[in-house]
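The next block holds one structure in the form of structure tokens; read it before the comments.
The values are calculated or read from the model by the stated rules, or taken from the named source; none is laboratory data. Since this is a predicted model, take the numbers as computed values, not measurements. FYI the Cβ positions are ideal-geometry reconstructions off the backbone, even for glycines, and counts take in every protein chain you see. Only protein heavy atoms, including side chains, enter the accessible area calculation; ligands, DNA and RNA are left aside. Shrake-Rupley method; radii C 1.70, N 1.55, O 1.52, S 1.80 Å.
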Amino acid sequence: MTSPRFSTVGIVGTGAMGRGIAQIAAQAGSAVLLFDTQPDAVAKARDALAAQWDKLAEKGRLDPAQAAAHKARLRPAASLAELAGCGLVIEAIVERLDVKQALFAELEGVVQPTAVLATNTSSLSVTAIAAGLKRPERFAGYHFFNPVPLMKVVEVIAGLKTDPATCAALTEYARQMGHTPVQAADTPGFIVNHAGRGYGTEALRIVSEGVADFATVDRILKDQVGFRLGPFELFDLTALDVSHPVMESIYRQYYDEPRYRPSVITAQRLAGGVVGRKSGEGFYKYVDGAAQVAPEPPAPQVAELPPVWVSPRAARRAELLQLLKDLGAKIETGPSPSMNALTLVAPLGFDITTVAVVERLDPARTVGIDLLVEDAATKRRVLATNPATRSDMRDAAHALFARDGKAVSVVRDSGGFVTQRVVATIVNIASDICQQRVCSPQDLETAVTLGLGYPLGPLAMGDRFGPANVLEVLFNLQTVYGDPRYRPSPWLRRRGAIGLSLLHEES
């Protein structure tokens, strides 16, 4: 084993995060001193880690000699003074600025002048924590994610006065621990928690408008885009007592930036104790840990389908016409629909009502289909009605697009359906992270794919669906809703306008 960058590491705090960091540090070959204000907590943490290594050895996934070596490197510290010989001390305690500041002020008087001090904060300013230190240049953020051994990304955050050499040492050590380091500026949410704002908050806005229910939104985003968990499944997993305060914190720290606006839905559910899996009920109810989700209703049975007319302005019009042909639809090709025709539109960003009015179509017979993503690449088709759409036309469209067995969701009118809104919001926030120079485009992609598990990094997602298309969605959402939340980032607007990849970084 290569000698670790820090031969002795102190960990302050023995919660899940502290235990996880201690585990990977010991496995990297460092001697680890564990300290907690509750002495019995240290013993419990050591016992838990020892049991974990023993279990891996029993299963043949870890050599017994290695397990014994890991355990031998893990030692208790009865006081902060015992951390005097540590080359690195990582704090993983309560998220309170005053408590962290007091801890590091005390630690600074204990450790050697060459020692590095690091905070695992997820939401506080690294610069603010270091404000009272005599040597803030050796202090940095070192943000791991739970569960630490499995979540292989760590954010290395420089405060205003951090020496680049401090971040370089932490970066090297992260790699020795088997993690992927990414460099982040000291901004609210750093990279991962910042980039993650779009997925949940836009889904909450969609539900708050009555467009679709929680389960439908989850199904659409999993089946159309490939997210592993829908936003409401994710909220239930992380729990609203964790995720809602983060939403509020980042929103306030950015001085009420509309892109990060929280939702009254999560505030109310948090107040009522309906926080997720751990409480037995969140956006779903749980029985023996399994979410109780009502099955989707079957597609309606329609005796005779009407002819179909497709708007000449529809996105992917040629693809849509071929799909209708494959589904056996009778397609009208005239300049306008007949009096009996089902009228299909496929807008980007606009709602169905606006399209019907602008194109002078009969809203009672107009239904929209979301074609941001090509049909062959999705497991689900999404249709949208407008307030005037007749039920027979809605059912006809549903039955037609379900003919080949592909799942179909029908939602109420919404600018950008569901997928367009959520994808565009994710891409826009990610673009602005790069515009603000919070991190490099490559570190953003790495952090989000490892930290959030998205099927693509957000910039790659924007390239996949087309920066120009994402821009069109955002401009049109702004028109429909009049909300500055949807204003495009300059990073996205400029690259979309001149046909550059969103991953392109100026020299």
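Things to note:
- Per-region count, segment 186-221, residues open to solvent by less than 20 Å² (accessible area, probe 1.4 Å) and of a type in the set (S, T, Y): 2
- Spans of helices (runs of 4 or more DSSP H) in segment 238-356 with at least 1 residues open to solvent by 30 Å² or more (accessible area, probe 1.4 Å), touching a Gly at 6+ places or on another chain (Cβ under 6 Å) and not polar (S, T, N, Q): none
- Selection of first residues in segment 319-341 that are within 25 Å of S391 (Cβ to Cβ) and of second residues that are polar (S, T, N, Q) and not in a loop (DSSP other than H, G, I, E, B), restricted to Cβ pairs under 6 Å at least 6 apart or on distinct chains, gives the following pairs, ordered by first then second residue: P337/T343.
- Selection status of R380, touching a strand residue (DSSP E or B) at 6+ places or on another chain (Cβ under 7 Å) and among the basic types (K, R): yes
- Scanning segment 69-94 for residues that are open to solvent by 70 Å² or more (accessible area, probe 1.4 Å) and in a loop (DSSP other than H, G, I, E, B) returns A78, V94.
- Residue selected from segment 95-139 under the condition buried (at least 20 other Cβ atoms within 10 Å of the Cβ) and within 24 Å of the chain's Cα centre (by Cα), by the criterion nearest to L49 (Cα to Cα): N120
- The listed residue being acidic (D, E) and at pLDDT below 95, out of D236, D288, D218: D288
- Options A169, A184, A174, A165: the member that is in contact with a Cys (Cβ under 6 Å, 6 or more places away or on another chain) and of a type in the set (G, A, S): A184
- Conditions (1) crowded, with 21+ Cβ neighbours inside 10 Å; (2) at pLDDT 95 or above; (3) more than 19 Å from G453 (Cβ to Cβ): number failed by Q224: (3)
- Test for S3: is it surrounded by fewer than 19 Cβ atoms within 10 Å (Cβ to Cβ) and touching a residue at least 60 places away in the same chain (Cβ under 8 Å): no
- Subset of segment 228-237 [outside any helix (DSSP H, G or I) and either crowded, with 22+ Cβ neighbours inside 10 Å or more than 13 Å from the chain's Cα centre (by Cα) (or both)]: G230
- Residues (without any contact (Cβ under 8 Å) to a residue 12 or more places away in the chain and assigned to a helix (DSSP H, G or I)) located in segment 100-117: A102
- Residue selected from segment 357-383 under the condition of a type in the set (A, V, I, L, M), buried (at least 23 other Cβ atoms within 10 Å of the Cβ) and in contact (Cβ under 8 Å) with a residue 60 or more places away in the chain, by the criterion nearest to I206 (Cα to Cα): V382
- Among the conditions (1) open to solvent by less than 30 Å² (accessible area, probe 1.4 Å); (2) touching a Phe, Trp or Tyr at 6+ places or on another chain (Cβ under 8 Å); (3) of a type in the set (A, V, I, L, M), V148 misses just one, which is (2).
- Test: residue in segment 37-58 that is touching a residue at least 24 places away in the same chain (Cβ under 8 Å), in contact with a strand residue (DSSP E or B) (Cβ under 8 Å, 6 or more places away or on another chain) and in a loop (DSSP other than H, G, I, E, B): no
- Subset of segment 132-177 [under 21 Å from G13 (Cβ atoms), touching a Pro at 6+ places or on another chain (Cβ under 9 Å) and small (G, A, S)]: G159, A174
- Residue match in segment 28-36 (condition: of a type in the set (D, E, K, R) and more than 28 Å from S123 (Cβ to Cβ)): no
- Cross-chain or 6+ apart pairs with Cβ under 7 Å, segment 481-495 first and over 9 Å from D432 (Cα atoms), then modelled with pLDDT of 95 or more and surrounded by 20 or more Cβ atoms within 10 Å (Cβ to Cβ): Y481/G415; R485/R259; Y486/L474; Y486/L477; R493/L471; R495/P467; R495/L502
- When F417 is tested against (1) over 19 Å from E202 (Cα atoms); (2) part of a loop (DSSP other than H, G, I, E, B); (3) of a type outside the set (S, T, Y); (4) in contact with a strand residue (DSSP E or B) (Cβ under 9 Å, 6 or more places away or on another chain), only condition (1) is not met.
- Residue check, G416 open to solvent by less than 20 Å² (accessible area, probe 1.4 Å), of a type outside the set (A, V, I, L, M) and on the phi > 0 side of the Ramachandran plot: yes
- The set of residues in segment 470-489 that are within 14 Å of T425 (Cα to Cα) and open to solvent by less than 50 Å² (accessible area, probe 1.4 Å) comprises V470, L471, V473, L474, N476, L477, D483, R485, Y486, P488, S489.
- Within segment 490-505, the only residue that satisfies the criterion of being under 20 Å from the mean Cα position of the chain (by Cα) and open to solvent by 40 Å² or more (accessible area, probe 1.4 Å) is L503.
- Condition met for G141 (part of a strand (DSSP E or B) and not aliphatic (A, V, I, L, M)): yes
- Complete set of residues in segment 441-467 that are in a helix (DSSP H, G or I) and of a type in the set (S, T, Y): T446, T449
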